[in-house]
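The values are calculated or read from the model by the stated rules, or taken from the named source; none is laboratory data. All values reported here derive from a predicted model rather than from experimental measurement. Here the Cβ is made from the backbone with ideal geometry for all residues, glycine too, and neighbour counts use every protein chain on show.
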């Protein structure tokens, strides 16, 4: 099982990392600064949405001390009670599809049998070799989270830093309009130091949203 997991992780690293230079050469769309955005209302927590964007991360392996980096793209479709997340290489090759429903998560990868589990985060870690807090991200993507004592928090351009109950530091660096009168995160930076013993000592993830839409709209 460990050998299979390491092989899959190496495939991810190869496909994601070998085209970093090509991904970096893509044109950049300049967005207005947060200060230039008109007055908007933050999109309500719990709202359904469809999102496409880019993900980059680097993490340090406990055993070797080596730092590895990955870059790719993603789409996220969120309904009231389910999440559907697709991960792609920078050139658009499908790497994985994760479906999360109440009490069940399923991981699909090209050429592999589907794998299911009750814990979505543990399932994803076991399959791709690095942690992506998918169960929390459905709320964090909208800037929403609940602290360990039950206190509800929502980030904003004036309050961009939040810490989750399980130790993720989340900073909302940029914002963008959603529709005519709502505001959603444009760039999210997250970092986490897992409790020992763990295969990874530190991880940093950056999510950049390219397009937000209502959940009933299909993104290109």
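Against the conditions (1) under 17 Å from residue 76 (Cβ atoms); (2) out of contact with any helix residue (DSSP H, G or I) (no Cβ under 9 Å at 6 or more places or on another chain); (3) at pLDDT 95 or above, where does residue 171 fall short? Just the number, please.
Only one criterion in (1) under 17 Å from residue 76 (Cβ atoms); (2) out of contact with any helix residue (DSSP H, G or I) (no Cβ under 9 Å at 6 or more places or on another chain); (3) at pLDDT 95 or above is unmet by residue 171, namely (1).
Check 79, 83, 89 and return the single one that is surrounded by 18 or more Cβ atoms within 10 Å (Cβ to Cβ), more than 19 Å from residue 188 (Cβ to Cβ) and touching a residue at least 24 places away in the same chain (Cβ under 8 Å). Let's see the steps before the verdict.
Values: 79 fails: surrounded by 18 or more Cβ atoms within 10 Å (Cβ to Cβ); 83 fails: more than 19 Å from residue 188 (Cβ to Cβ).
On inspection, the qualifying residue turns out to be 89.
Matching residues to (1) crowded, with 20+ Cβ neighbours inside 10 Å; (2) modelled with pLDDT of 90 or more:
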position	(1), (2)
143	yes, yes
151	no, no
158	no, yes
164	no, no
167	no, no
190	yes, yes
193	no, no
196	no, no
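Considering only region 27-43, I want to know if a residue exists there that is in contact with a strand residue (DSSP E or B) (Cβ under 6 Å, 6 or more places away or on another chain), at pLDDT 85 or above and surrounded by 15 or more Cβ atoms within 10 Å (Cβ to Cβ).
yes
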